[in-house]
Each structure stands twice: as structure tokens, then as C-alpha cells.
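Quick notes on the structure that follows.
Every number here is computed from the coordinates shown, using simple stated rules; none is lab data. All of these numbers come straight from a predicted model, not from anything done at the bench. Glycine also receives a Cβ, built like all others from the backbone with ideal geometry; neighbour counts cover every protein chain displayed.
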Amino acid sequence: MTNKIIPIDNFFTLKDQLFFQEEYEKNNWSLKGSSTDVSPQKFWYKDLINTPLLNLFYNNIEKGINKKIKIQLLYANGQSHSQSGFWHTDAGSINHFTLVYFPKQWLPEYGGHLMIKDETVVSILPEFNKGVIFESTLLHMGLEPSKHCYDFRESIACKFEVVND
């Protein structure tokens, strides 16, 4: 991996995980998200920007990259089998990053890898309490869960930019 892709194991403490789960369940899903503006494919979407979860992400991202940030978006993506993403980048400058957090226990046979194109294609299996910070100007996509999975592949996207001190 490069410094453009930073995986973080144990993203949340146990206390933060419990708080996260409680707050996360208060928000409802809607079918509206999409990995590209031209894609007809819709994903399950849960807006989290105006929730107490925002501070958890501020604290953990700033600690993970050792820089001050400004969060622009915080939301959950949900994908079921047959809802694969497409290669895309997210609009923004080089200081614009995306963080993905996988909030469930996940078996390897469920698939649903996060794919990122840097010098090579990097494949990251969803893992409980794992964060991945990467430059959103890199091509990336979330693969759908396999037919062996009867649940959503849930990820939390936190789009932010580094604030110059």
C-alpha cells in the first residue's frame, strides 16, 4: 500500500463502538445512493452528517492522519447481492479523502471488497472495525456481496478535506 491508502485496524475503541451502534440504528435507510452520477444503479443510503457520530469520525481521522480536517459528508452505503459499484472518483482536490468503515462481522466468502486503483489494484476485504483512509481522486469501487451473503455490505463514507493550519 502507499501513503495514499491508509488502513486502520481497530478504528473505534470498544466504548466508541457501542456508542456508534446505538446512534447508527436511529437512522433509516433509503434507496438513493449511486457510485456515479450517470449510473442507474441505486444503493441503500443512510445520512449521518447531522448526528452525534460526526465527532467520532473527526477524532479518529485526525488521530489517524495527524492533521486537522473539515468533514463534508458522512453517510452509510448499503449494498446487497447484484448491487455492485462502478469505478469512480469523488470530486475534490488532492486534500479530499474518503474513509470507509465496515460495521459488521464479515466472512471472506461474502466478498464485497473495496477496490482502489493506485499503482496497482488494491483489494481490501471488509473487516469489522476497520477504517481505510484514501485519496478520493483514486479510482475506487465497492463490490457487491456474493450470493452466499444474505445481508447488506455496509460501509460508512466520511468525505473530508485536510485543513491547512
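Here are a few things to note about the model shown:
- Label separation (GLU119 vs GLU25): 4.5 nm, computed from points 7 Å beyond Cα along the C-beta direction.
- With helices as the sole contributors, the chain gives -4500 deg cm²/dmol at 222 nm; each DSSP H run of n ≥ 4 counts as -39500 (n - 2.57), and the sum is divided by every residue.
- Projecting label points 7 angstrom from Cα along Cα→Cβ for ASN164 and ILE49 puts them 2.4 nm apart.
- In this structure, the residue pairs whose Cα-Cα separation is over 22 Å, taken from LYS42/LYS147; LYS67/LYS130; LYS42/LYS130; LYS4/LYS117; LYS4/LYS67, are LYS42/LYS130.
- The magnitude of the dipole of the chain, with charges of +1 and -1 set on the Cβ of Lys/Arg and Asp/Glu and taken from the Cα centre, is near 140 debye.
- Gain upon complete extension [PHE128, ASN59; 0.36 nm per residue less C-alpha separation]: 23.0 nm
- Across all Cα pairs in the chain, the calculated P(r) in 5 Å bins from zero up to the longest distance comes to 2, 9, 19, 23, 23, 17, 7, 1, 0, 0 percent per bin.
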